[in-house]
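Comments concern the structure below.
The values are calculated or read from the model by the stated rules, or taken from the named source; none is laboratory data. Worth saying up front: this structure is predicted, and the values here are computed from it rather than measured. Using ideal geometry, Cβ is built from the backbone for each residue, glycine included, and neighbour counts are taken over all protein chains shown.
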């Protein structure tokens, strides 16, 4: 005997058992009047109606009426009714029992419907709350089936998007190419949710009248209105994140264009000085009365200013490549001391004008592009030398903290105003105090931060006016 049949038999036995107990108590022991028996039986029927379903209460009403007539209405022991008034009593008792049973069943049905509506509202609320937490299209398409499974307690969900014939699943069911074609047909043809005989639900996702895709949900029992609302929420969520991404792309394009113009203006401005020097030196060289010593001086000016122009152009190109993520990183496990040695070789003039102290204990290797990190170290060393007095010390240090190596370049230079410590990493930003005194483009630190961040690290500064600055950056330790 299965569990459902066992429950049904138990309900019937308890219903008739309770009636038998009432009849035995009143018939054999208490010997009360028929009115007391009738009221007790009405109470019994109402209790059955409140605890069980309508069919149990109706059958209990009919059986209780028959027993009341047989055991308590004269002539007792027969179904004959001697007094005509007892007909009215009997009909009133039966009507009261049936009406009470019906009202109780109606109240139970309304309570069940209210609970179901509450559950469906909770499902919609949970879905809408989770949808609002995500601002990326890739994240929401990956997470949407799982969110539906969790919020609606479904066995499995599949999201199909017409854009690219993409399928996202939560569950163990595998989707074949034939099913994808079927999804495409359903997404284009369905306008209302479809419930199959096996309990699978197909919910179309539409933006207005334009189909966007389809939701296939297994093991979900919800009303048509709630299913339509789920499809609408999914469409709104997809449109929302797509609109946000389009706005972000538009803003990024505008910002990129603005920065391009700023870079062009800055380079144009910075190029004027070396070009003027080169033009003046070349013009002087063309004069016949220039001495050999002056010629060497003028040629040196041309050479230095040409190097400056080359540096400006190189930094502009490098910044553009970093912004476009077109720089190839050759990441490999490297000893940080080797990076310091390469930086020393590339900026040997700093070691000639400043005492550089290197404090690096034995450390694990780091996963980096050594050339790029050496370039960052050179930028920091050049800034330290540029904004420090000659022969003032510069210190390079490194230590391990968790899964990262923290490296630092410290100087005893002029320091950075607290209000400018975050601004120095902005592209093309230069301190007003030093922009006229020290040459530069304002691109060295932004390029360095972009390189460090591409290695999943951070570049920060701690500084105090008149006491110097410490630029620190983190690099990931190589994992064997």
The number of residues in the stretch 17-35 that are surrounded by fewer than 16 Cβ atoms within 10 Å (Cβ to Cβ) and at pLDDT 85 or above is 6
Of the listed residues (151, 170, 138, 187), the one being assigned by TED's automatic domain parsing to the domain that holds residue 219, modelled with pLDDT of 75 or more and either surrounded by 11 or more Cβ atoms within 10 Å (Cβ to Cβ) or over 30 Å from residue 59 (Cα atoms) (or both) is 187
Checked the stretch 340-371 for anything within 42 Å of the chain's Cα centre (by Cα), over 21 Å from residue 386 (Cβ atoms) and in a helix (DSSP H, G or I); matches are 370, 371
Checked against (1) under 22 Å from residue 334 (Cα atoms); (2) at pLDDT 85 or above, residue 450 satisfies every condition except (2)
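Condition check ((1) surrounded by 12 or more Cβ atoms within 10 Å (Cβ to Cβ); (2) assigned by TED's automatic domain parsing to the domain that holds residue 166; (3) touching a strand residue (DSSP E or B) at 6+ places or on another chain (Cβ under 6 Å)) across all residues:
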residue	(1), (2), (3)
195	yes, yes, yes
199	yes, yes, no
210	no, yes, no
217	yes, yes, yes
231	yes, yes, yes
Taking the stretch 48-69 and keeping only residues that are surrounded by 15 or more Cβ atoms within 10 Å (Cβ to Cβ) and without any contact (Cβ under 8 Å) to a residue 24 or more places away in the chain, one is left with 69
